[in-house]
Structure formats: structure tokens, C-alpha cells
Amino acid sequence: MPGEVVRGFGRGSKELGIPTANFPVAVVDHLPADIGTGIYYGWACVGNGDVFKMVMSIGWNPFYKNTKKSMETHVIHTFKEDFYGEILSVVMVGYIRPERSYDSLEALIAAINNDIEEAKLKLELPEHLKLKEDNFFTSVTSLSSAPSPTTASTSQTIMNGH
């Protein structure tokens with residue numbers, strides 16, 4: 001699923017120290033019905049760049065008591081600068097756990113860091129590693145440079161930094 005990265009609430013970077021890129025409600029509302037809330041792992045690519053491991057939260061962010069369902073992606077890579085305005089493409093590979101609330105910000109941060117470590121390990125499995133080379137990542141950038149009516153309706157904006 002590709003989309004343009006734009007500014008979000010800034011909670012991921014500022015409060016958690018874990019920057020995220022967020023899909024808008026329009027994308028979340030159009031997820032397949034069999035994708036439930038929880039923490040997922042997979043692959044992500046910014047623009048025409050390299051493909052990196054990622055973790056993604058889909059749900060209500062119980063700690064923050066969100067009133068709208070969200071879809072937040074943390075790309076497991078240190079970028080030299082923000083990538084607002086770039087196209088972010090993600091492929092969900094597997095499920096880690098259900099979403100839950102935490103008693104403290106520290107407990108939430110610890111859980112996210114555990115999710116990141118679990119994603120790193122699982123994505124090293126041969127069946128997951130081969131998906132890093134999937135032609136989805138090369139076909140998305142060519143589609144995004146010349147959007148058709150179909151692409152324009154499925155390509156959505158992402159908010160970074162939530």
C-alpha cells in the first residue's frame with residue numbers, strides 16, 4: 001500500500017522516541033475485513049530507496065484513547081532526515097500481538113521495542129526475507145510517478161511522526 005508521507009501529531013518521535021508514518025482514516029477504513037487490530041511486521045520502502053524491516057500498529061491506540069482507528073508504521077532504519085512528501089510503500093508479512101493499553105508511557109515504549117526486536121527476528125526467516133525482493137516495491141514507484149485513475153484512488157496520504 002503506497003502513500004505520500006505528511007506531518008502527523010508527532011507523538012511517535014517526540015513522546016516515544018520511535019518515529020512512525022501514519023496512514024489516514026481513508027486508508028484504514030478500506031483495509032480488508034480480515035485484517036484485525038494489532039501489531040504487524042513486514043517490509044517498507046521510502047520512495048525509490050532500499051527496502052527495510054518495519055512494524056505497524058493497526059487499531060485504536062488504547063494508551064492515547066484515540067477515537068479513530070489508525071495505522072502507524074515504524075520503519076526500522078535511521079533516516080538522515082525526514083521523508084515528508086516521499087512515497088512510502090509497505091507490505092504486511094505477519095502478526096505479532098493484539099493491541100493493548102499500558103499503565104505508563106515507559107511500559108508502552110518497552111512493548112514497542114519488544115515488537116521491533118521480534119519483527120527483526122521474524123523477518124530473517126527465509127520465507128519472509130524473500131518478500132523483501134518482491135516486485136511490488138519496484139512497481140509501486142513506477143505507478144506513483146504516472147498515476148492512473150485506479151492508482152490515484154488507491155494511493156493514499158500518510159502522516160509521518162504520529
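The values are calculated or read from the model by the stated rules, or taken from the named source; none is laboratory data. Just so it is clear, the model here is predicted, and its values are computed rather than measured. Using ideal geometry, Cβ is built from the backbone for each residue, glycine included, and neighbour counts are taken over all protein chains shown. Just so you know, the surface numbers come from the protein's heavy atoms only, side chains and all, with ligands and any DNA or RNA stripped out. Shrake-Rupley method; radii C 1.70, N 1.55, O 1.52, S 1.80 Å.
Would you be able to say whether some residue in region 43-63 is outside any strand (DSSP E or B) and hydroxyl-bearing (Ser, Thr, Tyr)? Steps first, answer last, please.
If we filter region 43-63 for residues that are outside any strand (DSSP E or B), which is where we start, we get 47-50, 60-63.
Checking the rest, the ones that are also hydroxyl-bearing (Ser, Thr, Tyr) come to none.
No, the conditions are met nowhere in region 43-63.
State all residues of region 31-45 that are open to solvent by less than 20 Å² (accessible area, probe 1.4 Å), over 16 Å from Lys120 (Cβ atoms) and among the hydrophobic types (A, V, I, L, M, F, W, C); if no residue qualifies, say none. If you could, list the steps in order and put the result at the bottom.
Quick first cut of region 31-45, residues open to solvent by less than 20 Å² (accessible area, probe 1.4 Å) only: 38-39, 41-45.
Those still in the list that are over 16 Å from Lys120 (Cβ atoms) too: 38, 45.
Once the filter is applied, which keeps residues that are open to solvent by less than 20 Å² (accessible area, probe 1.4 Å), over 16 Å from Lys120 (Cβ atoms) and among the hydrophobic types (A, V, I, L, M, F, W, C), region 31-45 yields only Cys45.
Could you say whether any residue in region 68-79 is over 25 Å from Leu125 (Cα atoms) and part of a loop (DSSP other than H, G, I, E, B)? Break it down into steps so the answer makes sense when it comes.
Our first condition is that a residue be over 25 Å from Leu125 (Cα atoms); within region 68-79, this holds for 68-70.
Subsequent filtering for residues that are part of a loop (DSSP other than H, G, I, E, B) retains 68-69.
Yes, region 68-79 contains a residue that is over 25 Å from Leu125 (Cα atoms) and part of a loop (DSSP other than H, G, I, E, B).
Quick one: Phe83 ticks every box in (1) outside any loop (DSSP other than H, G, I, E, B); (2) open to solvent by less than 40 Å² (accessible area, probe 1.4 Å); (3) not small (Gly, Ala, Ser) bar one, so which box is it?
Only one criterion in (1) outside any loop (DSSP other than H, G, I, E, B); (2) open to solvent by less than 40 Å² (accessible area, probe 1.4 Å); (3) not small (Gly, Ala, Ser) is unmet by Phe83, namely (1).
Taking into account only those residues within region 116-141 that are among the acidic types (Asp, Glu) and assigned to a helix (DSSP H, G or I), which is most open to solvent (accessible area, probe 1.4 Å)?
Our first condition is that a residue be among the acidic types (Asp, Glu); within region 116-141, this holds for 117-118, 124, 127, 133-134.
The next check asks that each one be assigned to a helix (DSSP H, G or I); those that pass are 117-118, 127, 133.
Numbers: Glu117: 94, Glu118: 65, Glu127: 96, Glu133: 143 Å².
It comes out as Glu133.
Suppose the filter is at pLDDT below 90 and either open to solvent by less than 20 Å² (accessible area, probe 1.4 Å) or in a strand (DSSP E or B) (or both); does Val28 pass it? Steps first, answer last, please.
On the way: at pLDDT below 90: yes; either open to solvent by less than 20 Å² (accessible area, probe 1.4 Å) or in a strand (DSSP E or B) (or both): yes.
In short, yes.
Is at least one residue of region 99-113 under 25 Å from Asp134 (Cβ atoms) and open to solvent by less than 60 Å² (accessible area, probe 1.4 Å)?
Going through region 99-113, the residues under 25 Å from Asp134 (Cβ atoms) turn out to be none.
The answer is no; no qualifying residue exists.
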